[in-house]
């Protein structure tokens, strides 16, 4: 694939624009209460068909988190988003809660969102679950087609560098930092912690929670894992890498386009998506507004996709899915070996879903076998029954069963980390006094 193929995708989108505009006008006409046909079976069917056509051919923009408030100790607290760190390929977003200066200190949590085609807002439910209990930050990755080529590329090494810089920023005041990686970030996150602990970096995170991540894809390999290993990075370069066309700011940049990733996601569960849209059609015809709105909310998020820099995408396929470099002890960061045995202080929690068809059961848990020098009392694993990949970090079982366990784990590690810091400070004071 090349520069021309992306142009064809853009042309196809523009080609249906007149039909999309007509269908939207039809929907509005048959939603108008003054139209006598609005309340007829024919009118409801036409309105439903027009809405589905418009939604299926629409270009979905980047969603917003829309988390304006949270509840803490029974009181509603305002929340404001603030960008505290900027790089060409990522913004670090803090969710600032309107708390009084006398409010008790809560753990500081960095949520590392995946770069897998969807925006960080896919983790809206994850953020919402931790807002009442933690000072939350999240990585808001940038759509690669919006980054000019003059800013250079972005690969797995850059990803690890970004995480290290963020950890140093968030630990600058001496407070323990806790990290949570959802799916793909599990690999660069655990690698970043290993690099920081190897170098004796005082900003190394106090804990890392890895959720549905491909630490060792040789365990319970899924169809996604097998496809990547069988075809290899060469096939993906020839068939999936394109150049961003004009007029995007990233014109000429090689990317793995979001529309291809979305097509792959939907093909994995084709029947499910078809049935969901048929059900929405029926809900609209029957006047079931609540069910139709739930469908809209899910697909507004699901259909919004971003492009990935080709260097990062291809390096991840080769390192994680083909060579299995991390579990084999062969992964490198800037030509230096990444050894998970270097991790001694950080707590480790892993979370998996019983029905996960992206990261199979055991792939994330493998981190426990690789981090041989983390004390057993700072390790924890949770297998959530009855959930797939998405349910590991969102939905009712995440909110009611998974999130409370993670919060309990973080609170325990946070308390021990602060005690260690306090003890170290007292020991230094005693030594200085003695001298």
Worksheet, complete the sentence: Selection from the stretch 48-79 of residues more than 17 Å from residue 118 (Cα to Cα) and in a loop (DSSP other than H, G, I, E, B) yields 57, 67, 68, 73, 74
Worksheet, complete the sentence: When (1) more than 25 Å from residue 206 (Cβ to Cβ); (2) touching a residue at least 40 places away in the same chain (Cβ under 8 Å); (3) crowded, with 20+ Cβ neighbours inside 10 Å are applied to residue 387, the one that fails is (2)
Item to complete: Consider residue 319 carefully, then state whether it is within 25 Å of residue 199 (Cβ to Cβ), in contact (Cβ under 8 Å) with a residue 60 or more places away in the chain, part of a helix (DSSP H, G or I) and within 22 Å of the chain's Cα centre (by Cα).
Response: yes
Worksheet, complete the sentence: Scanning the stretch 67-107 residue by residue, the ones that are buried (at least 17 other Cβ atoms within 10 Å of the Cβ), over 18 Å from the mean Cα position of the chain (by Cα), without any contact (Cβ under 8 Å) to a residue 60 or more places away in the chain and over 16 Å from residue 175 (Cβ atoms) total 1
Worksheet item: Any residue at all in the stretch 46-58 that is within 27 Å of residue 150 (Cα to Cα), out of contact with any helix residue (DSSP H, G or I) (no Cβ under 6 Å at 6 or more places or on another chain) and crowded, with 19+ Cβ neighbours inside 10 Å?
Response: no
Item to complete: Among the residues of the stretch 128-157, write down those that are more than 24 Å from residue 61 (Cα to Cα), touching a residue at least 40 places away in the same chain (Cβ under 8 Å) and part of a helix (DSSP H, G or I).
Response: 129, 130, 156, 157
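Please tell me if residue 35 is in a helix (DSSP H, G or I), over 36 Å from the mean Cα position of the chain (by Cα) and surrounded by 12 or more Cβ atoms within 10 Å (Cβ to Cβ). Outline the logic, then answer.
On the way: in a helix (DSSP H, G or I): no; over 36 Å from the mean Cα position of the chain (by Cα): yes; surrounded by 12 or more Cβ atoms within 10 Å (Cβ to Cβ): yes.
No: the conditions fail for residue 35.
Residues are listed down the side, and each one gets a yes or a no for (1) out of contact with any helix residue (DSSP H, G or I) (no Cβ under 7 Å at 6 or more places or on another chain); (2) under 19 Å from residue 87 (Cβ atoms):
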| position | (1), (2) |
| --- | --- |
| 104 | yes, no |
| 111 | no, yes |
| 120 | yes, yes |
| 131 | yes, no |
| 170 | yes, yes |
| 175 | yes, no |
| 179 | no, yes |
| 188 | no, yes |
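Listed here are the residues, each with its yes/no results for (1) at pLDDT 85 or above; (2) within 15 Å of residue 305 (Cα to Cα); (3) touching a strand residue (DSSP E or B) at 6+ places or on another chain (Cβ under 8 Å); (4) assigned to a strand (DSSP E or B).
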position: 226; (1), (2), (3), (4): yes, no, no, no
position: 229; (1), (2), (3), (4): yes, no, no, no
position: 252; (1), (2), (3), (4): yes, no, yes, no
position: 271; (1), (2), (3), (4): no, no, no, no
Item to complete: Read through the list (1) surrounded by fewer than 21 Cβ atoms within 10 Å (Cβ to Cβ); (2) at pLDDT 95 or above; (3) in contact with a helix residue (DSSP H, G or I) (Cβ under 8 Å, 6 or more places away or on another chain), then give the number of the only condition that residue 125 fails.
Response: (2)
Worksheet item: What about residue 8, is it closer than 20 Å to residue 286 by Cβ and surrounded by fewer than 14 Cβ atoms within 10 Å (Cβ to Cβ)?
Response: no
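Across the stretch 196-227, what is the number of residues that are more than 30 Å from residue 172 (Cβ to Cβ) and in contact (Cβ under 8 Å) with a residue 12 or more places away in the chain? Steps first, answer last, please.
The initial filter retains those residues of the stretch 196-227 that are more than 30 Å from residue 172 (Cβ to Cβ), namely 212, 214, 216-227.
Those still in the list that are in contact (Cβ under 8 Å) with a residue 12 or more places away in the chain too: 212, 214, 216-225.
Adding up the residues that qualify gives 12.
The values are calculated or read from the model by the stated rules, or taken from the named source; none is laboratory data. Nothing here was measured: the structure is a model prediction, and the numbers come from that model. Cβ: placed from backbone, ideal geometry, glycine included. Neighbour counts: every protein chain shown.
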